[in-house]
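Trainee: Can you read through this structure? Questions will come right after.
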Amino acid sequence: MDRPTSASKTEALPSLRDSLDAHGLLAKKSFGQHFLLDLNVTRKIVRLAGPFDGRAVIEVGPGPGGLTRALLESDAGSVVLVEKDPRFLPLLGELDDGTGRLRIVEGDALKVREADLVEGPTHLVSNLPYNVGTPLLIKWLTGPWTPHALTLMFQKEVAERIVAAPGDDAYGRLAVISQAVADARLVMHLPAAAFTPPPKVASAVVHLIPRPDRPAAETLKRLERVTAAAFGQRRKMLRSSLKTLGGAALCEAAGISPEDRAEVIDLAGFLRLAAAIK
Ligand code: SAM
């Protein structure tokens with residue numbers, strides 16, 4: 001592994017704000033740009049994400065590079081950046097110390113094939129663009145390439161939906177699918193004022209570790225069907241919200257009361273319902 005960039009080297013760089021000014025860069029709403037310009041905050045996120053023990057890290061949406069600087073100071077073996085806004089590439093290039101540890105890829109994270117970028121167990125760390133946060137999470141949890149761990153900033157409301165338990169207001173499809181695949185913990189809250197420019201809502205960081213025994217792709221597809229139907233009409237009893245999938249008979253086959261509502265069914269219950277679909 002190449003040597004991490006020392007904190008003193010990072011501190012010798014211009015401040016993130018000066019870098020943005022020097023490159024004449026302003027945040028664009030269409031790219032979901034809300035920057036973290038305080039290295040104390042980005043270092044804390046990287047500490048929560050690690051240790052990386054020399055493994056690769058993909059950072060989606062590095063923008064001005066606040067998280068990137070903290071990642072380069074860490075024990076990551078390599079850091080691969082995927083940024084859609086080409087305006088940031090020259091600024092990010094200034095973080096490259098020539099050791100080959102940093103790779104900058106211009107692209108859309110929704111379309112990128114991660115397996116083409118990295119080899120071996122890889123962490124994902126990102127202050128996600130809010131407009132594509134949920135589809136990116138679903139891609140990484142249910143797609144063909146699985147990260148070793150994910151440490152991701154979301155709008156607080158989305159973070160709460162990922163970690164919610166049965167009976168919580170936020171419990172729904174996202175909780176069931178995420179928790180079927182990974183152990184998910186909310187590890188940090190950040191107020192809107194921590195970002196430049198501040199978004200309208202607060203944020204939170206979720207740390208997810210995909211489980212070795214996660215369900216196969218076919219089971220996940222079934223789980224998506226049953227949770228879509230059950231939470232699509234969350235106030236109805238399952239015998240009626242799941243009517244098209246088998247209604248009361250399906251519930252009985254899964255050992256679940258047809259009079260229950262989706263919000264009280266735990267992950268094991270949804271997995272039994274998914275397995276019982278004919
Ligand atoms: N990581 C930086 C930080 O914390 O200051 C910037 C975070 S900002 C919330 C989101 C970043 O994602 C922006 O740099 C934006 O250009 C980039 N972005 C937006 N959509 C993207 C996509 N589909 N693929 C890759 N990057 C994207």
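To keep it simple, each residue is scored yes or no on (1) of a type in the set (A, V, I, L, M); (2) in contact with a helix residue (DSSP H, G or I) (Cβ under 9 Å, 6 or more places away or on another chain).
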{"position": "55", "(1), (2)": "no, no"}
{"position": "63", "(1), (2)": "no, yes"}
{"position": "77", "(1), (2)": "no, no"}
{"position": "80", "(1), (2)": "yes, yes"}
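Trainee: Still on this model: All but one of (1) in contact with a Lys or Arg (Cβ under 9 Å, 6 or more places away or on another chain); (2) modelled with pLDDT of 95 or more; (3) within 16 Å of the ligand (Cβ to nearest atom) hold for residue 183; state the number of the condition that does not hold.
Mentor: The one condition residue 183 does not meet is (3).
Trainee: Quick check on my filter: what residues within segment 110-130 are out of contact with any strand residue (DSSP E or B) (no Cβ under 9 Å at 6 or more places or on another chain) and outside any loop (DSSP other than H, G, I, E, B)?
Mentor: 115, 116
Trainee: Of the residues 192, 204, 262, only one is in contact with a Lys or Arg (Cβ under 6 Å, 6 or more places away or on another chain) and in the same structural domain as residue 163 (by TED's automatic domain parsing); which?
Mentor: 204
Trainee: On the basis of being within 15 Å of the ligand (Cβ to nearest atom) and within 13 Å of the chain's Cα centre (by Cα), does residue 129 make the cut?
Mentor: Yes; evaluated as a whole, the condition is true for this residue.
Trainee: Here's a check for you: in segment 20-35, which residue that is within 11 Å of the ligand (Cβ to nearest atom) and outside any loop (DSSP other than H, G, I, E, B) is farthest from the chain's Cα centre (by Cα)?
Mentor: In this case the residue turns out to be 20.
Trainee: Is segment 155-166 home to any residue that is within 16 Å of the ligand (Cβ to nearest atom), within 14 Å of residue 209 (Cβ to Cβ) and modelled with pLDDT of 95 or more?
Mentor: No.
Trainee: Something else now. Is it the case that segment 201-220 has a residue that's at pLDDT 95 or above, polar (S, T, N, Q) and farther than 30 Å from residue 278 by Cα?
Mentor: So far as segment 201-220 goes, yes, one or more of its residues are at pLDDT 95 or above, polar (S, T, N, Q) and farther than 30 Å from residue 278 by Cα.
Trainee: Could I ask something else about it? Looking at segment 50-75 only, could you name the residues that are within 11 Å of the ligand (Cβ to nearest atom) and over 16 Å from residue 35 (Cα atoms)?
Mentor: 58
Trainee: Can you name every residue in segment 214-243 that is among the polar types (S, T, N, Q) and under 32 Å from the mean Cα position of the chain (by Cα)?
Mentor: 219, 227, 233, 241 - these are the residues of segment 214-243 that are among the polar types (S, T, N, Q) and under 32 Å from the mean Cα position of the chain (by Cα).
Trainee: Just wondering, is there one or more residues in segment 93-107 that are touching a strand residue (DSSP E or B) at 6+ places or on another chain (Cβ under 9 Å), part of a helix (DSSP H, G or I), closer than 26 Å to residue 15 by Cβ and within 12 Å of the ligand (Cβ to nearest atom)?
Mentor: Checked against the condition, which is being touching a strand residue (DSSP E or B) at 6+ places or on another chain (Cβ under 9 Å), part of a helix (DSSP H, G or I), closer than 26 Å to residue 15 by Cβ and within 12 Å of the ligand (Cβ to nearest atom), segment 93-107 yields no hits at all.
Trainee: Of the residues 71, 89, only one is assigned by TED's automatic domain parsing to the domain that holds residue 22 and either surrounded by fewer than 24 Cβ atoms within 10 Å (Cβ to Cβ) or of a type in the set (Lys, Arg) (or both); which?
Mentor: Of 71, 89, the one residue that is assigned by TED's automatic domain parsing to the domain that holds residue 22 and either surrounded by fewer than 24 Cβ atoms within 10 Å (Cβ to Cβ) or of a type in the set (Lys, Arg) (or both) is 89.
Trainee: Going through segment 238-278 one residue at a time, which ones are surrounded by fewer than 19 Cβ atoms within 10 Å (Cβ to Cβ), under 19 Å from residue 169 (Cβ atoms) and touching a residue at least 24 places away in the same chain (Cβ under 8 Å)?
Mentor: 261, 263, 264, 266, 267
Trainee: Mind counting the residues in segment 100-123 that are surrounded by 11 or more Cβ atoms within 10 Å (Cβ to Cβ) and more than 20 Å from the chain's Cα centre (by Cα)?
Mentor: The qualifying residues number 3.
The values are calculated or read from the model by the stated rules, or taken from the named source; none is laboratory data. Keep in mind it's a predicted model, so treat the numbers as computed, not measured. Cβ sites come from the backbone with ideal geometry, for glycine too, and all protein chains shown count toward neighbours.
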